[in-house]
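Structure first, then comments.
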Amino acid sequence: MSGNTSKPGLLKRLAGHIVTVHRHRKEVRRCCFACGLYRQGITHDLSKYSPSELFESVRYYQGYRSPYSYEKELFGYAPGWLHHKGRNKHHWEYWYDLRDSKFSPLPMPFRYLAESVCDRVAACRTYQKDQYTQESALKYFLEKPERLSMHPDTAAEMERILRDIAENGEDAAFAHLREELKKRR
Ligand SMILES: [Zn+2]
């Protein structure tokens, strides 16, 4: 396929997107279960099957990155993403509101922050495939400026957990997270 920039056909894009979502949800479920987050593991990203998100993602499917990244590049915004982040509490973007007349971040409740960590690990695995290492999610977090838009408490906690994964591996870090979630519930 190298050098071929033509868009894949509808069925290819539909199948490709469904498989990507399915694999991603399976990975997130595995991580969430390891943290004891059963309900969140099962319901993670279900809105991706809603028409508002599904049709658009299939339309802009490329296979090697999120369809929303492609769409944002083309139009400057992606309505499906706005739908997604407005309904899914595991995204830090959900936790924004007016505070003292200023649109600003709220600290993420810990169980959604933990789900967000699972989401990051799973996304890195899905997109990086055999290039994935236990440091991948931390590297991605530190390289991207998005952490500067999070509530400082959220950014600090996320970095701490991702560092635990990078240094001690997923099994140990998710076991720690499971204990912490029990205490903080
Ligand atoms: Zn999501």
TODO: Scan region 71-97 and report the pairs whose first residue is under 18 Å from L148 (Cβ atoms) and among the hydroxyl-bearing types (S, T, Y) and whose second residue is open to solvent by less than 80 Å² (accessible area, probe 1.4 Å) and more than 15 Å from the ligand (Cβ to nearest atom), with Cβ atoms within less than 9 Å and a gap of 6+ or a chain change.
DONE: Y96/S104; Y96/P105; Y96/L106; Y96/S149
- [ ] Of all residues in region 98-112, count the ones that are of a type outside the set (S, T, N, Q) and free of Cβ contacts under 8 Å to residues at least 12 places away in the same chain.
- [x] 5
Open item on the list: For a quick check of your reading of the model, give me the residue pairs whose first member lies in region 43-56 and is in contact (Cβ under 8 Å) with a residue 60 or more places away in the chain, whose second is more than 9 Å from the ligand (Cβ to nearest atom) and open to solvent by 60 Å² or more (accessible area, probe 1.4 Å), with beta-carbon atoms closer than 7 Å and at least 6 apart or on different chains.
Closed with: H44/R29
Open item on the list: If a residue must be at pLDDT below 95 and of a type in the set (V, I, T), how many such residues does region 20-48 contain?
Closed with: 2
Open item on the list: Just to be sure I understand, how many residues within region 149-182 are polar (S, T, N, Q), within 19 Å of the chain's Cα centre (by Cα) and surrounded by fewer than 19 Cβ atoms within 10 Å (Cβ to Cβ)?
Closed with: 1
Open item on the list: I'd like to check something: does region 113-130 contain any residue that is free of Cβ contacts under 8 Å to residues at least 12 places away in the same chain, more than 16 Å from the ligand (Cβ to nearest atom) and either in contact with a strand residue (DSSP E or B) (Cβ under 7 Å, 6 or more places away or on another chain) or not polar (S, T, N, Q) (or both)?
Closed with: yes
Open item on the list: Looking for something under 22 Å from R23 (Cα atoms), in contact with a Ser or Thr (Cβ under 9 Å, 6 or more places away or on another chain) and hydrophobic (A, V, I, L, M, F, W, C) - is there at least one such residue anywhere in region 133-150?
Closed with: no
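The values are calculated or read from the model by the stated rules, or taken from the named source; none is laboratory data. Nothing here was measured: the structure is a model prediction, and the numbers come from that model. Methodologically, a virtual Cβ is constructed for each residue, glycine included, from the backbone with ideal geometry; neighbour enumeration extends over all protein chains shown. The area values use the complete protein model at the heavy-atom level, side chains included, leaving out ligands, DNA and RNA. Shrake-Rupley method; radii C 1.70, N 1.55, O 1.52, S 1.80 Å.
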